[in-house]
Amino acid sequence: MKSILFVDDEVSAREELERTLRPMSEEWDVVYASSGREALAKLTKGSFDMAVVDMHMPEMSGAQLLTEIKTRHPQAIRILMADRCDQSLMRRSVGSAHQYLPKPFKLDLFKSMVARAATLRERLASEPLRQLADGIDSLPSLPALYRELQEELQSQDSSIDKVARIISKDMGMVTKILQVINSHFFGLLTPVSNPAQAVSMLGLDRVKALVLSMQVFAQFKEYRHPFISLDVLWRHGLVIGAYARAIAKEEKTSQDLIDDAFTAGLLHDVGILVLATNLPDQYTQAVALMQNRRVTEWEAESEVLGASHADIGGYLLGTWGLSDAIVEAVAFHHDPMRSVSQPFSPLAAVHVANALEEREQAAVMGGGYTHIDEDYLAACGMGSRLPIWQSVCQEVAQSRNSF
């Protein structure tokens, strides 16, 4: 049974919630609080799987309460309730919400969020991973600029110029996007220096994926680890994203699947950042094991930590509400037979893309690498496509320069 804490200072709102949620009483253990102080008192008596907090409350705002919950109970999924017109305020003031729930409250939408959280734990959170996640101080929140970009892209009057203005708030991001568009990945004859032109040429979905990736990595920019280079890791993600996108395009799939493959490729190693930042000593042990035994990184992590960067990365992106296809591709990119996705999916594209790149790197630098799971590809009905995918990735590799 899922334990859920709802916090709202308005009596009428709580009463309406109780009426709406009554049919779920056999599946959910729901507790209500009328203030941040009362909510924190309840949290001292027990833990909750999910905390749903209203944005506007006296004394302690929803944002402040979620910050406290993030510190004291980092394992809880934190959801902010707000009117759609409050989204800009929410974006500016909240760095501690995993997801937000628009008001008025819709039971079907919330049921899907709870079901997703349960599925995520069942599929990704083995007992070792639960212990690992509970030992991490906090999982980072969905970056604010990405949230703002999502809102703009969902608005009816969205435009390239508006998107470019949002991106231009972060000059580091503008630099990176211009760097990407001017690379040989795109084969342009003349350089692009205008952010709006870069957005237009990249396409809004690819820009959104790049913004998410860059903002995720920016959250770790103050961190230093002797075995981790943020720049190298981000460039690797960009390569895998390009490979995975090319594979998906070769299969003539939907644009949504192509975009998901690109995003999953960009973020497939985000779990490395989470582990190295929060558990540096254990992660150093895993790196040493990898080097001494010449095993893969994810195998060493699993032995030392009980779970891999792929597991924790999928868990993180799932709490952010990214699509199941992206979550699955990140979580299982080293071991795709654990998934349920068949036939072709972003997972297949990211798994093959990453394995090909790792094999190339191992040939130069030595060490273990992920082998392509040909049994998985056969189960997906894609075994005969592997030579074509290899050729497609080689074409991308030959056209790219150093980022």
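With a 10 Å radius around each residue's Cβ, average the other Cβ atoms per peptide and rank 380-390, 251-261, 328-338, highest first. Each step should come with its number before you reach the end.
Details: 380-390: 15.2, 251-261: 18.5, 328-338: 24.5.
Those peptides, ordered most packed to least, come out 328-338, 251-261, 380-390.
Add +1 for every Lys or Arg and -1 for every Asp or Glu among the other residues with Cβ under 13 Å from the Cβ of VAL7, and state the total. Write out the running numbers ahead of the final one.
Details: positive: ARG14, ARG37, LYS42, ARG78; negative: ASP8, ASP9, GLU10, GLU38, ASP54, GLU59, GLU68.
In short, -3.
Using a Förster radius of 22 Å, what is the FRET efficiency between SER25 and LEU109 based on their Cβ-Cβ separation? Nearest 0.05, please. All intermediate terms of the calculation are to be shown ahead of the outcome.
Values: r = 19 Å, r/R0 = 0.86.
Computed FRET efficiency for SER25 and LEU109: 0.70.
I want to verify the translational diffusion coefficient of the stretch 219-399 in µm²/s; compute it with Stokes-Einstein, Rh as the Kirkwood radius over Cα pairs, at 37 °C and 0.692 mPa s.
Result for D is 201 µm²/s.
Can you sort ASP8, ASP83, ASP324, ASP54 so the residue with the fewest Cβ neighbours within 10 Å comes first?
So the residues, fewest neighbours to most, are ASP83, ASP324, ASP54, ASP8.
Take THR67, THR190, THR20 and order them by how many other Cβ atoms sit within 10 Å, fewest up front.
Values: THR67 19, THR190 6, THR20 14.
Listing THR67, THR190, THR20 from fewest to most nearby Cβ atoms yields THR190, THR20, THR67.
Using the structure shown, select from LYS106/LYS252; LYS169/LYS249; LYS106/LYS208; LYS2/LYS169; LYS70/LYS176; LYS2/LYS249 the pairs with a Cα to Cα distance greater than 29 angstrom. Could the numbers behind the result be given before it?
Numbers: LYS106/LYS252 36 Å; LYS169/LYS249 32 Å; LYS106/LYS208 27 Å; LYS2/LYS169 40 Å; LYS70/LYS176 31 Å; LYS2/LYS249 40 Å.
Over 29 Å apart, Cα to Cα: LYS106/LYS252; LYS169/LYS249; LYS2/LYS169; LYS70/LYS176; LYS2/LYS249.
Residues of the stretch 244-263 with backbone nitrogen within less than 16 Å of a virtual label 7 Å along the Cα-to-Cβ line of GLN394, please, listed as ranges.
Hits in the stretch 244-263 for GLN394 at 16 Å: 247.
Give me, ordered by chain and number, the residues 5 or more places off VAL295 or on other chains with an amide H under 5 Å from its own placed amide H.
Long-range HN contacts for VAL295: GLY368.
When a footprinting reagent is the concern and you count Cβ atoms within 10 Å, what order do VAL304, VAL11 take, fewest first?
Numbers: VAL304 20, VAL11 9.
Arranged by neighbour count, lowest to highest, VAL304, VAL11 become VAL11, VAL304.
Tell me the label-point distance for the pair THR284, ALA118, using the 7 Å Cα-to-Cβ offset, in nm and rounded to one decimal.
About 4.3 nm separates the two model spin labels.
Using θ = phi - 60° and the Karplus form 6.51 cos²θ - 1.76 cosθ + 1.60, what ³J(HN,Hα) does each residue of the stretch 110-115 get, whole Hz, x for Gly and Pro?
5, 4, 5, 5, 5, 4
Between beta-carbons, use under 15 Å as the cut-off and find the net charge around VAL287, counting Lys and Arg +1, Asp and Glu -1. Don't skip to the answer; put the middle values down first.
Details: positive: ARG224, ARG293, ARG294; negative: ASP269, ASP281, GLU297, GLU299, GLU301, GLU303.
With Lys, Arg at +1 and Asp, Glu at -1, the neighbours total -3.
Note down the relative contact order for the stretch 199-341 as a percent, whole number, built from C-alpha pairs under 8 angstrom at least six residues apart. Can you show the working numbers first?
Numbers: 163 pairs, mean separation 30.7, N = 143.
Taking the mean separation of contacting Cα pairs over the length of the stretch 199-341, I get 21 percent.
Roughly how many nanometres apart are two label points built 7 Å out from the Cα toward the Cβ at SER3 and LYS45?
The answer from the label model is 1.1 nm.
When Lys and Arg each count +1 and Asp and Glu each count -1, what net charge do the other residues less than 13 Å away from LEU43, Cβ to Cβ, add up to? Write out the running numbers ahead of the final one.
Details: positive: ARG37, LYS42, LYS45, LYS70, ARG72, ARG78; negative: GLU38, ASP49, GLU68.
Computed value for this residue: +3.
Quick note: the coordinates plus some simple rules give every number you see, no bench work behind them. Just so it is clear, the structure is predicted and the values come from calculations on it, not from any experiment. Cβ sites come from the backbone with ideal geometry, for glycine too, and all protein chains shown count toward neighbours.
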